[in-house]
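Okay, so here's the structure we're looking at.
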Amino acid sequence: QVQLVESGGGLVQAGGSLRLSCAASGRTFGSYSMGWFRQAPGKEREFAATISRSGLNTYYANSVKGRFTISRDNTQNTVYLQMNSLKPEDTAVYYCAASLYISNWDRETDYAYWGQGTQVTVSS
């Protein structure tokens, strides 16, 4: 089992940048694929990005591709989401998630463990 704690959210102007962090407990962090999802007000939670166990493979939603970068440090049990060129439509609660067995990178049900979320607000 793994526990996840997100940090780094906040208020930023459009065009700005933020870096989210997700710290994981436990000694088996490298066994999990890690993802970031987000939920905007009044909308369903959606996939943003994911990274494989080794960090060699990454996948992004079309809406964030080219602006967001997911990375991980298995020595620090941490996954990051660097968000650049932020837009007001990126405003959401961002969730970190972990999966031991994944077949669909963008499917919520493939991720068994979730953090509490961190709020990102982008002003226009």
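Observations on the structure shown:
- Rounded to two decimals, the Cα-based Rg/Rh of the chain, with Kirkwood Rh, is 0.94.
- Residue order for Thr50, Thr28 - accessible surface, 1.4 angstrom probe, largest first: Thr28, Thr50
- DSSP-defined beta bridges in the chain - what % are antiparallel, rounded to 5: 90
- Gaussian network model of the chain, Cα within-10 Å springs - most flexible of Leu56, Leu100, Leu20: Leu56
- List Trp36, Trp105, ordered by accessible area with a 1.4 Å probe, largest first: Trp105, Trp36
- Counting only protein heavy atoms and a 1.4 Å probe, the chain has 52 square angstrom of accessible area per residue.
- Percent RCO, i.e. relative contact order, over the chain, from Cα pairs under 8 Å lying at least 6 residues apart: 35
- Between the beta carbons of Gln3 and Ser124, assuming R0 = 41 Å, the FRET efficiency works out to 0.70 to the nearest 0.05.
- Accessible surface of the chain, 1.4 Å probe: 45 percent of it comes from carbon and sulfur atoms.
- Per-residue SASA entry for Glu6, accessible area with 1.4 Å probe, Å² rounded to 10: 20
- Assigned charges on the beta-carbon of Lys, Arg, Asp, Glu; the chain dipole about Cα centre (debye): 200
The values are calculated or read from the model by the stated rules, or taken from the named source; none is laboratory data. Computed from a predicted structure; not experimentally measured. With ideal geometry, Cβ positions are generated from the backbone for all residues, glycine too; neighbour counts draw on all protein chains shown. Surface areas here come from the heavy atoms of the whole protein model, side chains and all, with no ligands, DNA or RNA. Shrake-Rupley method; radii C 1.70, N 1.55, O 1.52, S 1.80 Å.
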